[in-house]
Amino acid sequence: MPRVHFERENRTVQARVGENLWRLARKHDIKLSSGLRKWLHCRGRGFCGGCRVRIDGDAAATNERWTWEELRFADTDVRLACQCEVRGDLKVTTQP
Ligand code: FES
């Protein structure tokens, strides 16, 4: 089982292979957004950007970015948690 370490919260949780990172964070009560974005978000549809996270680790430990993510976060290690599948061990920084 992959292990996901949330740097800012200093918590490590286990995930199922293919588990959605946004859902995993919510399941473990890890906040991905602050302020109004806690309530005003697209509920994991990939449009609002409120679930941005920085991912450290092997690129193969997640699925590939989809087009919108690629355009928006080119040349960075930022992902939308709601569009990210856990496939291996990850280090995640919330609210980068
Ligand atoms: S929750 Fe809106 S982009 Fe992820």
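Figures for the structure shown
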item	result
Boolean, Glu85 is touching a Pro at 6+ places or on another chain (Cβ under 9 Å) and in contact (Cβ under 8 Å) with a residue 24 or more places away in the chain	no
All positions within the stretch 42-70 that are more than 10 Å from the ligand (Cβ to nearest atom), outside any loop (DSSP other than H, G, I, E, B) and touching a Gly at 6+ places or on another chain (Cβ under 7 Å)	Ala60, Ala61
Filter pass, Leu24 being within 10 Å of the ligand (Cβ to nearest atom) and touching a residue at least 60 places away in the same chain (Cβ under 8 Å)	no
Failed condition for Phe73, given (1) near the ligand (Cβ under 10 Å from one of its atoms); (2) aromatic (Phe, Trp, Tyr); (3) modelled with pLDDT under 95	(1)
Some residue of the stretch 77-93 being of a type in the set (Asp, Glu), part of a loop (DSSP other than H, G, I, E, B) and surrounded by 15 or more Cβ atoms within 10 Å (Cβ to Cβ)	yes
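A quick yes/no check of all residues on (1) within 22 Å of Arg11 (Cβ to Cβ); (2) surrounded by 12 or more Cβ atoms within 10 Å (Cβ to Cβ):
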residue	(1), (2)
Arg26	yes, yes
Cys42	no, yes
Val53	yes, yes
Ala60	no, no
Glu64	no, no
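The values are calculated or read from the model by the stated rules, or taken from the named source; none is laboratory data. Keep in mind that this is a model prediction, so the values were computed, not measured. We place every Cβ from the backbone using ideal geometry, glycine too, and count neighbours over all the protein chains shown.
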